1. Starting from the Cα-Cα distance between ARG66 and ARG44, subtract it from 0.36 nm times their residue separation and give me the gain in nm to one decimal.
2. Taking only protein heavy atoms and a 1.4 Å probe, what accessible area per residue, in Å², does the chain have with all protein chains in place?
3. Would you pull out the residues with amide H under 5 Å of PHE4's amide H, same chain only if 5 or more places away, H placed 1.01 Å from N?
4. Sticking to Cα atoms, compute the Rg of the chain to one decimal and its Dmax as the biggest Cα-Cα distance, whole number, in Å.
5. Of ILE301, ILE317, ILE190, which has the largest mean-square fluctuation in a 10 Å C-alpha GNM of the chain?
6. Out of MET297, ILE164, GLN367, whose Cα points farthest toward the positive end of the dipole of the chain (charges: +1 Lys, Arg; -1 Asp, Glu; placed on Cβ)?
7. Give or take rounding to whole Å, what are the principal axis extents of the alpha carbon atoms in the range 118-238, in descending order?
8. Ignoring ligands, DNA and RNA, please state the percent of accessible area on the range 49-177 from carbon and sulfur, probe 1.4 Å.
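The values are calculated or read from the model by the stated rules, or taken from the named source; none is laboratory data. This structure is a prediction, so every number in the text was calculated from the model and none was measured. Because the Cβ atoms are built from the backbone with ideal geometry, glycine has one as well, and the counts that use them run over all protein chains shown. SASA here: full protein model, heavy atoms, side chains in, ligands and nucleic acids out. Shrake-Rupley method; radii C 1.70, N 1.55, O 1.52, S 1.80 Å.
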Amino acid sequence: MNEFHYNSYAQEIIFGPGALDQLKVAAERHGFRRMLLCANRSMRAGGHVDSLKAILGDRLVAVFDRVLPHVQDVQLKEVLAAAGENEVDAFIGLGGGSPVGMAKAAAAAWGGERSDQAMLPVIAIPTTYAGSEMTPVYGITHTAESPPRKVTVNNPRIVPRLVIYDPRLTLDLPPRMTASTGINALAHCIEALYSLKRNPISTAAAIRAVRHIMSALLRCYRDGTDLEARTEMLLGAHLAGLSLASVTMGLHHGLCHVLGGTAGVPHGIANSIILPHALRFNADATATQLLPAAEAMGISIDATSPVVIIEVMAEHIFELICQMDLPQRLRDAGVGLQESDLPQLAGLAFQNRTVQNNPKRVADVSQIEKLLREAW
C-alpha cells in the first residue's frame, strides 16, 4: 500500500457504559438547542425515547418515532416538515441503521432544500452494530418507483458530529438483531480490507474490529445481558464503521442495498446470507488483502494458498451464522421473495454504483444472477 488517498471527519465520539448520561452536556458544548429525534417504535417501547426526553428536557422539541427500515422517502418528507415547524438545529438518530440513516438523510435534504441555510448537524446514538454513525453514506428508498429502489448517497457533510456509544442501550437488543447487525459489522471489515480505496487507517481498524467481533458476537447472542461482551461488541462495531468510513464499498453491500430497498430483506439478514457468497466471488482478486481477517478469526494462514484460506473463512462465517440461527438462503429471508425475482434484482444490482466499485470487475449481469441463485 504505497499510495492512498482518504478523507477523515470531525467527530466527537463518547464511548462507554453510561455514556448517554453525557448527552446533554455534549449537546450544550456543540450549541444544540432545538433537536428532533428520529427513532423507531422499538426505541419507544424499550424506554429509550423517554430516557432521551429526561436527559434533554425542553431541548428535545420534536420526536419522530415511526422510522421504517431502509429510510422511506415519504417518511423523510414528514421528518423535514416537523423540523421546519419546530425550527430545529440538529437531528438525532437513535437506534439502528435506519433511524441514524433518517437523521443523515434529513440533514442532507435540509441543506439541499434550503440553500440559504447551513446543513444541520447530526447526533448518532447507535443501539445496534450497523455502523452508520461513522460513515458519510445513507440510503433513501424511492417508494413510488416500481419496483421500489434504494439509492445510496455519499455526502461527507452529513457524517454525525457527535456519536454516543452506550453499551447499556444494547442490552435489550433481541438475539436475531444482535446476530444480523453483528454480521453486518463483520461485512464492513471485509469490504474495507479489499476496497479499491483501502488505506492504512481503514485496514488497521478493520483487523482490530474483526478480533473484537469474533470474540464477542456469539457471547452477546447467547446472553444479551452480558455487559462486558456487549461493550466489546459495540467497540468492534465502532471500529468496523470507522474502517468503512473512508473507503468505497463493493459488490456485497451493493447487493444488500438492492435486496433491502427492492425486496424488503432486512439489511442485517441480507448481509448474513450474501457475505459467504461475496467472499467466494471475490476470492481470486482479494484473498491476499483478506488474510489478516482470516488470521484474526483464528484461521491458520500458513502452508496453503490464499484462495483456499478464504474458502475456509467463508465456511467459518457460514458456521457462525448457523450457530446464531440466521437465515442461510434467500428463500428463507421471510419477505415473500421468489426465485423468479432474481433476474430483476440482478439487473438492478448491475446498475448499482456500489457494485461497480467492486475490486473484482463485475462485467456482466449474469455474474450477479449466478451469485443470487447460489444464495437462493
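1. 7.0 nm is the gain from fully extending ARG66 to ARG44.
2. About 40 Å² of surface per residue is accessible.
3. HN-HN under 5 Å from PHE4: empty list.
4. Looking at the chain, its Cα Rg and Dmax stand at 19.7, 65 Å.
5. ILE301
6. ILE164
7. Reported extents, whole Å, longest axis first: 41, 34, 33.
8. Looking at the range 49-177 in its full context, I get 51 percent from C and S.
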